[in-house]
1. Considering segment 57-84 alone, what residues qualify as being more than 16 Å from the chain's Cα centre (by Cα) and either more than 14 Å from V25 (Cβ to Cβ) or in a loop (DSSP other than H, G, I, E, B) (or both)?
2. Give me the residue from segment 85-117 that is within 18 Å of the chain's Cα centre (by Cα) and not in a helix (DSSP H, G or I) and, out of that set, farthest from S9 (Cα to Cα).
3. What are the residues in segment 1-46 that are aliphatic (A, V, I, L, M), modelled with pLDDT under 95 and not in a loop (DSSP other than H, G, I, E, B), if any?
4. Testing S36 on (1) in contact with a Ser or Thr (Cβ under 7 Å, 6 or more places away or on another chain); (2) buried (at least 18 other Cβ atoms within 10 Å of the Cβ), one condition comes back false. Which one is that?
5. Output the residues belonging to segment 83-111 that are surrounded by 13 or more Cβ atoms within 10 Å (Cβ to Cβ) and closer than 30 Å to S143 by Cβ.
6. Across segment 185-204, which residue is surrounded by the fewest Cβ atoms within 10 Å (Cβ to Cβ) among those that are in a loop (DSSP other than H, G, I, E, B), in contact with a Ser or Thr (Cβ under 8 Å, 6 or more places away or on another chain) and not basic (K, R)?
7. Only residues that are closer than 24 Å to G164 by Cβ and of a type in the set (F, W, Y): list them for segment 31-62, please.
8. With the condition kept exactly as written, say whether any residue in segment 139-155 is surrounded by 14 or more Cβ atoms within 10 Å (Cβ to Cβ), farther than 18 Å from F64 by Cα and touching a Ser or Thr at 6+ places or on another chain (Cβ under 7 Å).
Amino acid sequence: MSCKRKPNSFVPNDEQRGSLLHDSVWYEMVYAFGVSPHEETDYCAWEHVNFSRMGHARALYDFFETSIAERRSEDAVSEDFGFSARPIDRPANDRTRLNKQLFHLTYTRLQYNETSKAWPDTIISSLHDRCVEFIRHILSHKSEFGAADDFLKWERLLDALASGRELHISRRFLPTGVSTEQKIHLGRRLAGGRGELTKPCIRTG
C-alpha cells in the first residue's frame, strides 16, 4: 500500500510573510555569507564559523528549491513571495555532504576529513546568484512586502553581495539585550566574486 503525503493547506497571511521576510529570510542570508570576528589560527573557531554558515546555507537551499505544493508543515518557501522554486546548480555531492556529514551522524563521514576532502566553497558560492536574484525581486515588489524603510537593509545586503568581497558581520550584546544593529563590513576580495568558506590560517614557526 503506497502512502501519499496529504496536501499541505498552510497559507501564510500578509503579516506573516512580511515579518518572516525582513527577519528570518534576511537573517539566513546574512549569516550564510557573513563571517564574524574570530581567531583565524584557531581551528575550533574556524569550525564553528563555517559549520554555522553551512547550516544557514542548507536552510536557504530548502527555501529556494521547495515549491508551495511540496512544502512541509509551516515551512517558508520562496514562492510565498512570488519567486519561483527551482533547483540551484551545484555539485551533486554538496547535497549529500550537507545531509550526511553535517547534520546526521552517519558512516558516510568516514569518506572525508579536513585534508583529503575539505568542505567545498560551492556550498556557499552556489547560493550567491539565487540570493541576489531574490533580493532584486523583492526590491521590485516593495509595496507587497512592507514599507519602504523595511528594504534599506536589503539594499545594503545586495550592495555587499555584488561587491565581490567577503562579508564581515558583527552584533553586540548590550545590558538591555542584543543590539538591534547588525553591522556589515566588506573584507577581502573573493577569488570568484561570490561567497566562500573562510580559509584556515596555518601558523608557521
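1. Within segment 57-84, S67, I68, A69, E70, R71, R72, S73, E74, G82, F83, S84 qualify.
2. Taking the candidates together, the pick is P91.
3. Correct list: A45 only.
4. Exception for S36: condition (2).
5. F83, A85, I88
6. I202
7. Matches in segment 31-62: Y31, F33, W46, Y61.
8. Checking segment 139-155: not a single residue is surrounded by 14 or more Cβ atoms within 10 Å (Cβ to Cβ), farther than 18 Å from F64 by Cα and touching a Ser or Thr at 6+ places or on another chain (Cβ under 7 Å).
The values are calculated or read from the model by the stated rules, or taken from the named source; none is laboratory data. Bear in mind the structure is a predicted one, so any value in this text is a computation, not a measurement. Note that each Cβ is placed from the backbone with ideal geometry, even for glycine, and that neighbours are counted across all protein chains shown.
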